[in-house]
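Below: one structure, written as structure tokens.
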Amino acid sequence: MAITESELSDLIKTGATEELVVVFDNEAVARVFMVLNGQRVPIGSARHPCRTFKTSLALVRFMKKVGVKSFKTEVEDD
């Protein structure tokens, strides 16, 4: 199960999001997850169940577009 961009935007507007976590892999590719009932749920796109961001600029633009003001970051373990 993934959350779409429009669903995420609606959840942010209503204050229903617990936390957003951005996980960076070894190539600095970022994936965004929403914490829902203690579980990480990926933020998907039309083509992929977990949307990826290859630049921090693209990530920040996305976050601004959906209304995110803050998020947690992590580096993926090997």
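The values are calculated or read from the model by the stated rules, or taken from the named source; none is laboratory data. What you see is a predicted model; the values in this text were computed from it and never measured. Quick reminder, even Gly has a Cβ in these numbers, built from the backbone with ideal geometry, and neighbours come from all protein chains shown. All accessible areas refer to the heavy atoms of the entire protein, side chains included, with ligands and DNA or RNA removed. Shrake-Rupley method; radii C 1.70, N 1.55, O 1.52, S 1.80 Å.
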Checklist outcome for this item: Log entry, pairs with first residue in segment 32-47 being crowded, with 17+ Cβ neighbours inside 10 Å, second being among the polar types (S, T, N, Q), beta carbons closer than 7 Å, six or more apart or on different chains, reads M34/T17; G44/T4
Next on the checklist: Given the criteria touching a Cys at 6+ places or on another chain (Cβ under 9 Å), open to solvent by less than 90 Å² (accessible area, probe 1.4 Å) and of a type outside the set (K, R), does F53 qualify?
Outcome noted: no
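Find the strands (runs of 3 or more DSSP E) located wholly in the chain whose residues include 1 or more that are of a type in the set (G, A, S) and touching a strand residue (DSSP E or B) at 6+ places or on another chain (Cβ under 9 Å), and list them.
Counting at least 1 such residues, we get 30-36.
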Checklist entry - Restricting the search to segment 1-31, which residues are closer than 17 Å to K54 by Cα and either open to solvent by less than 80 Å² (accessible area, probe 1.4 Å) or of a type in the set (F, W, Y) (or both)? => result V21, V22, V23, F24, D25, A28, V29, A30, R31
